[in-house]
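Structure first, then comments.
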């Protein structure tokens, strides 16, 4: 089947290519390891695009700061990438029209068009992964900001002089509310003499991860559930700020937490409602979890070619 669109999601360990049919369904996939050099990356992306079918354009989703000219200024998880003119290089190598955008921005596009945000003109996507990224739709249009850097929600400062962040700042939201930070809160609780069952399972405080907390909470461990409440409070702090700023109709959470919506969504909603400006006098945005899973980046990249 000839695809209608092709997109590639570049990750730290793999590049995932996705081909979409006319109806938006996935008609082809190809995964290859992410190379450890910019030259190898361009070659790999060219190969994936050619293998997925005959198209005249390809969309590429990348982590990090990418500007409107398709220049990847920095990407912490891609070796040797700094000021990489990805669009220009890939167009020259492939002969295709190339569109490059941030991975969370295109995941937002995918969920808006084909996933949990269908039919919503004002939408926020918050990606709770190793860090926190995001994207947003306002007035029925995907937003990128003046330079193309909009949606870096994880680097809002929520605690002055707080936990150091790899970005060089302190107290960024992602240090307290990302998927990895659930383990941080658990280790803090264990150090304070709590989470005894989780500590026994992990073997040491340093070995405790978010997965241990989730499993214990599933089993009804009250101390693990209390850690999830702490985590939910931090998620809600950022969500309240974003809602006051953007007034979305829907907030979509993506990332690892979307595997356990029944465990995380109720305490997040409770903390959010407790802190939101306007209280019961205002309409609330709906809070949902993403539907497209790990294919969202590739799907969104393909959709870039149809905007």
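General remarks:
- Exactly one residue out of 78, 99, 65 is modelled with pLDDT of 95 or more, in contact with a strand residue (DSSP E or B) (Cβ under 8 Å, 6 or more places away or on another chain) and either under 30 Å from residue 285 (Cβ atoms) or buried (at least 22 other Cβ atoms within 10 Å of the Cβ) (or both), and it is 99.
- Taking segment 1-59 as the range and being touching a strand residue (DSSP E or B) at 6+ places or on another chain (Cβ under 8 Å), in a loop (DSSP other than H, G, I, E, B) and closer than 16 Å to residue 80 by Cβ as the test, the residues that pass are 13, 34.
- When every residue of segment 259-275 is checked against the conditions, at least one turns out to be in contact with a strand residue (DSSP E or B) (Cβ under 6 Å, 6 or more places away or on another chain) and touching a residue at least 24 places away in the same chain (Cβ under 8 Å).
Residues are listed down the side, and each one gets a yes or a no for (1) farther than 29 Å from residue 106 by Cβ; (2) modelled with pLDDT of 95 or more; (3) touching a helix residue (DSSP H, G or I) at 6+ places or on another chain (Cβ under 7 Å):
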residue: 190; (1), (2), (3): yes, yes, yes
residue: 195; (1), (2), (3): yes, yes, yes
residue: 204; (1), (2), (3): yes, yes, no
residue: 213; (1), (2), (3): yes, yes, yes
residue: 260; (1), (2), (3): no, no, yes
residue: 277; (1), (2), (3): yes, no, yes
residue: 293; (1), (2), (3): no, no, no
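- Residue match in segment 25-35 (condition: in contact (Cβ under 8 Å) with a residue 40 or more places away in the chain, surrounded by fewer than 16 Cβ atoms within 10 Å (Cβ to Cβ), within 13 Å of residue 298 (Cα to Cα) and not assigned by TED's automatic domain parsing to the domain that holds residue 239): yes
Every residue, every condition in (1) in contact with a helix residue (DSSP H, G or I) (Cβ under 9 Å, 6 or more places away or on another chain); (2) outside any helix (DSSP H, G or I); (3) under 18 Å from residue 307 (Cα atoms), yes or no:
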{"position": "61", "(1), (2), (3)": "yes, yes, yes"}
{"position": "69", "(1), (2), (3)": "yes, yes, yes"}
{"position": "77", "(1), (2), (3)": "no, yes, no"}
{"position": "88", "(1), (2), (3)": "no, no, no"}
{"position": "91", "(1), (2), (3)": "no, no, no"}
{"position": "99", "(1), (2), (3)": "yes, yes, yes"}
{"position": "108", "(1), (2), (3)": "yes, no, yes"}
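- Hits in segment 135-149 - residues which are in contact (Cβ under 8 Å) with a residue 40 or more places away in the chain, within 15 Å of residue 63 (Cα to Cα) and either in contact with a helix residue (DSSP H, G or I) (Cβ under 7 Å, 6 or more places away or on another chain) or crowded, with 17+ Cβ neighbours inside 10 Å (or both): 144, 148
- Checking 184, 246 one by one, the residue that is closer than 30 Å to residue 142 by Cβ and surrounded by 14 or more Cβ atoms within 10 Å (Cβ to Cβ) is 246 and no other.
- Odd one out for residue 224 among (1) within 27 Å of residue 137 (Cβ to Cβ); (2) surrounded by 16 or more Cβ atoms within 10 Å (Cβ to Cβ); (3) touching a residue at least 24 places away in the same chain (Cβ under 8 Å): (1)
- Filtered by the rule that a residue be touching a residue at least 60 places away in the same chain (Cβ under 8 Å) and part of a helix (DSSP H, G or I), segment 110-119 gives 110, 111, 113, 114.
The values are calculated or read from the model by the stated rules, or taken from the named source; none is laboratory data. Predicted model only: the values in this text are computed from it and were never measured. All Cβ positions, even for glycine, are placed from backbone atoms using ideal geometry, and neighbour counts span all protein chains on display.
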